[in-house]
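What follows is a set of notes on a single structure, which appears directly below.
The values are calculated or read from the model by the stated rules, or taken from the named source; none is laboratory data. Computed from a prediction, not measured in an experiment: that's the story for all the values here. A quick note on method: Cβ atoms are made from the backbone with ideal geometry, for glycine too, and the neighbour counts reach across all protein chains shown. Please note that ligands, DNA and RNA were not included when accessible areas were found on the heavy atoms of the full protein model with its side chains. Shrake-Rupley method; radii C 1.70, N 1.55, O 1.52, S 1.80 Å.
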Amino acid sequence: MRKILSAIDQNCERWLLLTFYSMIVVTIGTEVVRRFALSYSSTWAEEVARYAFIYLVWIGVAAAVRDRGHIRIDVIMGFLGNRGKAVIYLLGDFIMLFVAILALYFSYETLSISMKFGSVTHGLGIQQAWALAAVPIGFCLVTFRLVQSIWRDLSNIRHGRDVYEGVRLFD
């Protein structure tokens, strides 16, 4: 059971990102063929691609938080020791956690209003709440990953290990 939970923890966002990215590629690709080869386009394809992209973005934010892959200016980090880096990372994580909880609260409010009035999308005819749920789901994932990051950093400080600096895109 522990291996399964570890695999989910390591790959959850990766598989969700792959799913939504594939949805976008297949939907847009199909729509291009239909539009130019068959002179026909659907009303639902644009919405599927749009909502898949919205979910892709919010899940990508959570993945970037997990890997500390967000854009940052870390020139000062080269001058700090391990403890100083950990303090800076923890400060950033706590600020981001505050913003994430605040955004989660306000996005849930928007979602509940949409659910209350039962608004539907124009092309798909499904409840608008499914599209609006991307934001609170994304911020729930971000909050979860931030708590994991804070826990990891505090554990590293307590045990004298190097702070996790994340995945670097460019060196």
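Taking MET77 as meeting all but one of (1) more than 21 Å from the chain's Cα centre (by Cα); (2) within 26 Å of ARG14 (Cα to Cα), write down the number of the exception. Failing condition for MET77: (2).
Table: residues versus (1) modelled with pLDDT under 85; (2) open to solvent by 80 Å² or more (accessible area, probe 1.4 Å); (3) within 26 Å of ASP162 (Cβ to Cβ).
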site: SER6; (1), (2), (3): yes, no, yes
site: THR19; (1), (2), (3): no, no, no
site: VAL33; (1), (2), (3): no, yes, no
site: LEU56; (1), (2), (3): no, no, no
site: ARG68; (1), (2), (3): yes, no, yes
site: LEU97; (1), (2), (3): no, no, yes
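Cβ-Cβ contacts under 7 Å between residues 6 or more apart (or on different chains), taken from a first residue in the range 40-65 that is of a type outside the set (A, V, I, L, M, F, W, C) to a second residue that is open to solvent by less than 10 Å² (accessible area, probe 1.4 Å) and outside any helix (DSSP H, G or I), are listed as GLU47/THR121. With respect to (1) modelled with pLDDT of 90 or more; (2) crowded, with 18+ Cβ neighbours inside 10 Å, the lone exception for ALA103 is condition (2). All told, LEU132 falls short of being open to solvent by less than 90 Å² (accessible area, probe 1.4 Å), of a type in the set (A, V, I, L, M) and over 30 Å from TYR51 (Cβ atoms).
Are any of the residues in the range 147-170 more than 20 Å from ALA63 (Cα to Cα), acidic (Asp, Glu), open to solvent by 90 Å² or more (accessible area, probe 1.4 Å) and out of contact with any Phe, Trp or Tyr (no Cβ under 7 Å at 6 or more places or on another chain)? Yes - at least one qualifying residue is present in the range 147-170.
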